[in-house]
1. Here are some pairs, K244/K285; K225/K272; K129/K217; K244/K272; which of them have Cα atoms lying more than 25 Å apart in this structure?
2. Using Cα springs under 10 Å in a Gaussian network model of the chain, which residue among V193, V21, V34 shows the largest mean-square fluctuation?
3. Helix 6-16 sits at what angle to the longest principal axis of the chain, using alpha carbons and giving 0 to 90 degrees rounded to 10?
4. Which is the longest part of the chain that has none of the chymotrypsin sites (Phe, Trp or Tyr not before Pro) sitting in a DSSP loop with at most 16 other Cβ atoms within 10 Å?
5. Just from its helices, what would the mean residue ellipticity at 222 nm be for the chain, if runs of 4 or more DSSP H residues each count -39500 (n - 2.57) and the sum is divided by every residue, rounded to the nearest 500 deg cm²/dmol?
6. State to the nearest 20 debye the size of the charge dipole of the chain about its Cα centre, where the only charges are +1 on K and R beta carbons and -1 on D and E beta carbons.
7. When only Cα pairs under 8 Å and 6 or more residues apart are kept, what is the percent relative contact order across the chain?
8. Compute a Gaussian network model of the chain, connecting alpha carbons closer than 10 Å, and tell me which residue from P263, P237, P175 fluctuates the most.
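Coordinate-derived values only; no laboratory data. Here the structure is a predicted model, which is why all the values come from computation and not from measurement. In this analysis, Cβ positions are derived from the backbone assuming ideal geometry, glycine residues included, and neighbour counts consider all displayed protein chains.
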Amino acid sequence: MPEITAEAVKKAAREFGADLVGIGSIDRWDKAPVENHPRTIMPRAQSVIGIGFRMHRGSHRGVEEGTYFSSYTLTGYMDLNNIVAPVVQRRVASFVEDFGWEATTVQYLSGRLGNDAGEAASRPDGTSKPRPDIFFNFRIAGELCGMGEVGYSRMFLSPRFGPLQRIYFVITDAPLEADPMIKGICDGCQECVRQCPAKALFSDRRDDVDAGITMIKRSAIDVLKCSVAHSMGGLSPFASEEVKNYARNIIDGTDTHLADGTPRPSREEMIKNIQDKVAYAKNAKDVFHGPAVLCADGCVRGCLAHLEKKGKLALKFHNSFRD
Ligand code: SF4
Ligand code: SF4
């Protein structure tokens with residue numbers, strides 16, 4: 001059987017359409033919890049192949065202007081998740097298996113089959129195995145594969161595209177040479193925090209992860225506040241004043257209470273209360289079969305504008321993202 005090499009895998013992935021590719025050796029997951037570990041999926045795994053696809057900067061233009069939101073939702077999110085990535089992942093897995101090594105793809109939406117809230121789905125058979133579906137941590141895996149780093153915003157940043165890509169993985173028992181890891185794209189400027197309209201990120205609350213080989217330094221996130229702005233569009237041009245007031249009551253409140261002093265709703269209650277009142281968010285569920293993406297003000301566009309201004313990104317444009 002011919003010998004497989006990391007170089008050959010990366011060349012093939014690029015030819016199949018990947019904009020980014022990197023490889024992490026399995027020892028980089030030594031500190032990963034069993035429910036996030038590639039070896040829980042494939043016990044003989046030796047390598048993880050990361051592949052990334054750029055989001056076009058132009059897909060954020062209409063969102064930046066407040067005029068055309070579906071470009072990001074579709075071309076920067078749903079198309080990559082559901083059309084582009086699965087095809088390339090499959091081709092990379094086939095390439096690896098043609099050398100006699102097993103390969104499995106980790107699909108972005110697979111975690112949602114367990115529980116959409118990202119919590120453990122129970123395992124009714126009473127075995128000692130972890131959750132029926134493993135919640136592979138994509139952004140940390142991207143760092144472990146040497147494709148970039150997790151920024152303070154919690155977003156994955158690459159040296160070429162900054163926050164503008166989505167990343168996916170193939171796990172294999174093939175022993176492949178690992179790529180060096182990358183640090184130093186995020187400079188801790190906290191524009192992501194300052195420009196978050198939902199106050200969902202924090203300058204003084206951290207959620208660092210000691211991943212052994214790397215320390216992920218990132219802000220804590222208030223998921224309810226992010227969701228009411230981002231996937232529910234509570235501050236978007238599609239929201240009525242009533243909905244905006246509902247969103248602001250959450251955003252200006254605390255972990256336990258709304259700004260008006262009443263108890264804070266759960267995420268499920270918030271979604272129930274608001275979803276049918278923002279036609280765009282409801283239609284996104286029905287038409288795109290996924291969430292609308294109606295914010296990303298700070299964590300994507302604010303960060304992008306900052307990194308471009310600092311000259312940190314390899315991909316250059318004739319015009320700046322923001323004047
Ligand atoms: S805006 Fe970007 S570069 Fe600045 S702290 Fe946030 S993630 Fe890091
Ligand atoms: S999507 Fe919007 S609300 Fe959520 S963290 Fe990013 S900037 Fe904040």
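1. Numbers: K244/K285 20 Å; K225/K272 15 Å; K129/K217 30 Å; K244/K272 15 Å.
Violating the 25 Å limit, Cα to Cα: K129/K217.
2. V34
3. Taking Cα atoms only, the helix is inclined about 50 degrees.
4. Values: sites that count: Y68, F99, F317.
No qualifying site falls inside 100-316, the longest such stretch.
5. Working: 13 runs with 90 residues, N = 323.
Here the helix-only value at 222 nm equals -7000 deg cm²/dmol.
6. On the way: 42 positive and 41 negative charges, 114 e Å.
Value, rounded to 20: 540 debye.
7. Details: 580 pairs, mean separation 63.3, N = 323.
Once divided by the residue count of the chain, the mean separation gives 20 percent.
8. Looking only at P263, P237, P175, the largest GNM fluctuation is found for P263.
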